[in-house]
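Remarks on the structure that follows.
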Amino acid sequence: LKNMALAFKNVRGGLSISIIVVGALLAASTGIVGATVVTMGLMSLPVLIQQGYEKDFSAGLVASTGTLGQIIPPSIALVLLGDVMSNAYQRAQNDMLIYSQQQTVTVGDLFVGAIVPGIMICLGYLIYTIYKNAKNKKIEFFPNEQPSSNIEILKTLALPLILIFLVLGSIIAGIATPTEASAIGAMGALIITLINGKFSISFIKEASEKTAIVSTMIFTILIGASIFSLIFRGVGGDELIDLIFGSLPGGPYMALVFVLLLVFLLGFILDFIEICYVIVPLVAPPLLMMGFDPVWLAILLAINLQTSFLTPPFGF
């Protein structure tokens, strides 16, 4: 972060630009929102305010760049959505008795589909940041610190970029499944901690505990959501949703807008995992039967779910 900030030191708002770049790299390295927001908050928020950035802008910048892990692969949300959307797609095919060449939706398809939207969101953040801070005369430039050399910046970026390449490259190339690629990522991250001299038993213990907590939470929600979904279908819930979608004026696209608005509003009160496992299995099959592409629909939902991390009262 320091090297990137010094690289942009002569640009007004250079620190905020570097935070977006680092946030995107962290998102592509970890795919976890909470860790990125906390890390960026601890490292950059005090410096931003100290340099004269507005407090609301600084908080929004850290929160929004931290949540890039939702859409930039490898993302936990995309992994969960890939599983849910695959089941929904197969159900839609069975209900309509259609058998296309694409029998299922893989997580790799979603990762490839999310790359361009992820880059577009980053570019949008950068354009807004540059425009916003061009008018802010209170921002102080770094005091007489020498900018980082290209070699130093390359050294800083090399390790996370190699990690990103190994994880994403192995999935996109079809060499590894997302589960196998996550093992590659975990091993790569351990090697990076060893290189940086940060490896310790307490570090492994903390990482293992957090992994166990997140995994248990996801499986608990999955079990509950599966029971709910089965009961909902058993009492004719599917037909009710089809009836609601069929009665909406404006055809398929109005139904899509309705679902996206519903997901956005639910993001205020529900976690993205609950939305993935409870809401998406109910609304995805009717939308897929209307002819929407499963990968395109999943990416739209993933971008929408990103806002659930930014909307109060549960915004990070």
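Taking the stretch 266-281, which residues are open to solvent by less than 10 Å² (accessible area, probe 1.4 Å) and either closer than 15 Å to GLN70 by Cα or touching a strand residue (DSSP E or B) at 6+ places or on another chain (Cβ under 9 Å) (or both)?
Here is the first cut: in the stretch 266-281, the residues open to solvent by less than 10 Å² (accessible area, probe 1.4 Å) are 267, 273, 275-276, 280.
Within the stretch 266-281, GLY267, ILE273, ILE275, CYS276 meet the criteria.
In the stretch 206-228, which residues are within 30 Å of ALA183 (Cβ to Cβ) and surrounded by 13 or more Cβ atoms within 10 Å (Cβ to Cβ)? Working first, answer last.
In the first step, residues of the stretch 206-228 are kept if they are within 30 Å of ALA183 (Cβ to Cβ); the result is 206-226.
Within the stretch 206-228, ALA207, LYS210, VAL214, ILE218, ILE221, LEU222, GLY224, ALA225, SER226 meet the criteria.
Starting from residues that are touching a helix residue (DSSP H, G or I) at 6+ places or on another chain (Cβ under 9 Å) and outside any helix (DSSP H, G or I), keep the ones in the stretch 41-53 and report whichever is surrounded by the most Cβ atoms within 10 Å (Cβ to Cβ).
In this case the residue turns out to be TYR53.
LEU256 versus (1) touching a residue at least 12 places away in the same chain (Cβ under 8 Å); (2) out of contact with any Pro (no Cβ under 8 Å at 6 or more places or on another chain); (3) in a helix (DSSP H, G or I); (4) closer than 24 Å to SER64 by Cβ: which is the lone unmet condition?
Here LEU256 meets the rest and fails (4).
Spot the failing condition for TYR89; the list is (1) of a type outside the set (A, V, I, L, M); (2) more than 20 Å from the chain's Cα centre (by Cα); (3) outside any helix (DSSP H, G or I), and only one is missed.
Result: TYR89 passes all but (3).
Which residues, taken from the stretch 1-35, are out of contact with any Lys or Arg (no Cβ under 9 Å at 6 or more places or on another chain), open to solvent by less than 40 Å² (accessible area, probe 1.4 Å) and not in a helix (DSSP H, G or I)?
LYS9, GLY31
Any chance you could count how many residues in the stretch 171-180 are surrounded by 14 or more Cβ atoms within 10 Å (Cβ to Cβ) and either at pLDDT 85 or above or not in a helix (DSSP H, G or I) (or both)?
First pass over the stretch 171-180, keeping only residues surrounded by 14 or more Cβ atoms within 10 Å (Cβ to Cβ): 171-172, 176-178.
Those still in the list that are either at pLDDT 85 or above or not in a helix (DSSP H, G or I) (or both) too: 176-177.
Looking only at that region, the number is 2.
Determine which member of the set PHE165, PHE199, PHE203 is open to solvent by 60 Å² or more (accessible area, probe 1.4 Å) and not in a helix (DSSP H, G or I). Even if it seems obvious, please write down each step before you answer.
On the way: PHE165 fails: not in a helix (DSSP H, G or I); PHE203 fails: not in a helix (DSSP H, G or I).
Criteria check complete, one pass: PHE199.
Looking at VAL38, VAL79, VAL112, which one is open to solvent by 20 Å² or more (accessible area, probe 1.4 Å) and at pLDDT below 85?
Numbers: VAL79 fails: at pLDDT below 85; VAL112 fails: at pLDDT below 85.
Result of the check over VAL38, VAL79, VAL112: VAL38.
Taking the stated definitions as given, is ILE71 of a type in the set (A, V, I, L, M, F, W, C), farther than 19 Å from LEU305 by Cβ, touching a helix residue (DSSP H, G or I) at 6+ places or on another chain (Cβ under 8 Å) and at pLDDT 80 or above? It would help to see each step written out before you state the result.
Working: of a type in the set (A, V, I, L, M, F, W, C): yes; farther than 19 Å from LEU305 by Cβ: no; touching a helix residue (DSSP H, G or I) at 6+ places or on another chain (Cβ under 8 Å): yes; at pLDDT 80 or above: yes.
No; evaluated as a whole, the condition is false for this residue.
Among residues belonging to the stretch 181-196 that are of a type in the set (S, T, N, Q) and part of a helix (DSSP H, G or I), point out the one that is farthest from LEU168 (Cα to Cα). Reasoning before the result, please.
Of the residues in the stretch 181-196, the ones of a type in the set (S, T, N, Q) are 182, 193, 196.
Okay, now just the ones that are also part of a helix (DSSP H, G or I), so 182, 193.
Values: SER182: 10, THR193: 20 Å.
Per the criteria, the residue is THR193.
Open to solvent by less than 40 Å² (accessible area, probe 1.4 Å) and either among the aromatic types (Phe, Trp, Tyr) or under 28 Å from VAL33 (Cα atoms) (or both) - does that describe any residue in the stretch 244-256?
The answer is yes, given that some residue of the stretch 244-256 is open to solvent by less than 40 Å² (accessible area, probe 1.4 Å) and either among the aromatic types (Phe, Trp, Tyr) or under 28 Å from VAL33 (Cα atoms) (or both).
Here are the criteria: (1) out of contact with any Asp or Glu (no Cβ under 8 Å at 6 or more places or on another chain); (2) at pLDDT 85 or above; (3) surrounded by 12 or more Cβ atoms within 10 Å (Cβ to Cβ); (4) in a helix (DSSP H, G or I). Tell me which single one LEU261 does not satisfy.
If we test LEU261 against (1) out of contact with any Asp or Glu (no Cβ under 8 Å at 6 or more places or on another chain); (2) at pLDDT 85 or above; (3) surrounded by 12 or more Cβ atoms within 10 Å (Cβ to Cβ); (4) in a helix (DSSP H, G or I), just (3) comes out false.
Name the residues in the stretch 157-168 that are in contact (Cβ under 8 Å) with a residue 12 or more places away in the chain and either among the small types (Gly, Ala, Ser) or out of contact with any Leu (no Cβ under 9 Å at 6 or more places or on another chain) (or both), would you? Step through it out loud before you land on a result.
The first filter runs over the stretch 157-168 and keeps only residues in contact (Cβ under 8 Å) with a residue 12 or more places away in the chain, leaving 157, 159-164, 166-168.
Residues satisfying the conditions are LEU159, ILE162, LEU163, LEU166, VAL167, LEU168.
Run down ILE279, ILE275, ILE299, ILE241 and say which single residue is within 20 Å of GLY118 (Cα to Cα), in a helix (DSSP H, G or I) and not aromatic (Phe, Trp, Tyr). Spell out the reasoning first.
Details: ILE279 fails: within 20 Å of GLY118 (Cα to Cα); ILE275 fails: within 20 Å of GLY118 (Cα to Cα); ILE241 fails: within 20 Å of GLY118 (Cα to Cα).
Step by step, each of ILE279, ILE275, ILE299, ILE241 is checked, and only ILE299 is within 20 Å of GLY118 (Cα to Cα), in a helix (DSSP H, G or I) and not aromatic (Phe, Trp, Tyr).
I want to confirm something. Restricting to the stretch 115-145 and keeping residues that are in a loop (DSSP other than H, G, I, E, B) and open to solvent by less than 60 Å² (accessible area, probe 1.4 Å), which single residue is modelled with the lowest pLDDT?
PHE142
Residues ILE273, ILE299: which one is more than 20 Å from ASN94 (Cβ to Cβ) and either of a type in the set (Ser, Thr, Tyr) or modelled with pLDDT under 90 (or both)? Explain how you work it out, then say what you get.
Details: ILE299 fails: either of a type in the set (Ser, Thr, Tyr) or modelled with pLDDT under 90 (or both).
Every option except ILE273 fails the conditions.
The values are calculated or read from the model by the stated rules, or taken from the named source; none is laboratory data. In this text the structure is predicted, and so the values were computed from the model without any measurement. Every residue, glycine as well, gets a Cβ built from its backbone with ideal geometry; the counts of neighbours run over all protein chains shown. We work out accessible area using only protein heavy atoms, side chains counted, and drop any ligands, DNA or RNA first. Shrake-Rupley method; radii C 1.70, N 1.55, O 1.52, S 1.80 Å.
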